[in-house]
Amino acid sequence: MKPTWRKPAGMGLILLLILFWAGLVGSQAQHIALLPWPLQAIVYCIAGIIWIAPLKPLLFWMEHGRWR
């Protein structure tokens, strides 16, 4: 099997996604800090899970070359 350009490109996109999401959540930290600690924990747990959603189609594209 010959390696394709999709895997390095996909890895780069994953890193960009992580940086974007961390910046977005980090920019809201001052607002989240005003919440009671149990709500802060819930917000950060949800934010820690949400970024995974776009990875499934991206990983599929990296492997197969199509989005579906």
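The C-beta contact set for the range 5-28 (first residue surrounded by 11 or more Cβ atoms within 10 Å (Cβ to Cβ), second residue among the aromatic types (Phe, Trp, Tyr), distance under 8 angstrom, 6+ apart or interchain) comprises ARG6/TRP61; GLY10/TRP61; LEU17/TRP51; ILE18/TRP51; TRP21/TRP51; VAL25/TYR44.
Residues in the range 39-53 that are open to solvent by less than 60 Å² (accessible area, probe 1.4 Å) and either within 17 Å of the chain's Cα centre (by Cα) or not hydrophobic (A, V, I, L, M, F, W, C) (or both): GLN40, VAL43, ALA47, GLY48. Within the range 44-68, residues that are under 20 Å from ALA33 (Cα atoms) sit with their Cβ atoms under 9 Å from residues that are hydrophobic (A, V, I, L, M, F, W, C) and exposed (fewer than 13 other Cβ atoms within 10 Å of the Cβ), at 6+ positions apart or across chains, in these pairs: ALA47/LEU24. Just give me the residues in the range 55-68 being more than 20 Å from TRP5 (Cβ to Cβ) and open to solvent by less than 80 Å² (accessible area, probe 1.4 Å), in sequence order. Of everything in the range 55-68, nothing turns out to be more than 20 Å from TRP5 (Cβ to Cβ) and open to solvent by less than 80 Å² (accessible area, probe 1.4 Å).
The values are calculated or read from the model by the stated rules, or taken from the named source; none is laboratory data. Keep in mind the model is a prediction, meaning the values are calculated, not measured. We place every Cβ from the backbone using ideal geometry, glycine too, and count neighbours over all the protein chains shown. Accessible surface is based on the protein model in full, side chains and every heavy atom, while ligands, DNA and RNA are left aside. Shrake-Rupley method; radii C 1.70, N 1.55, O 1.52, S 1.80 Å.
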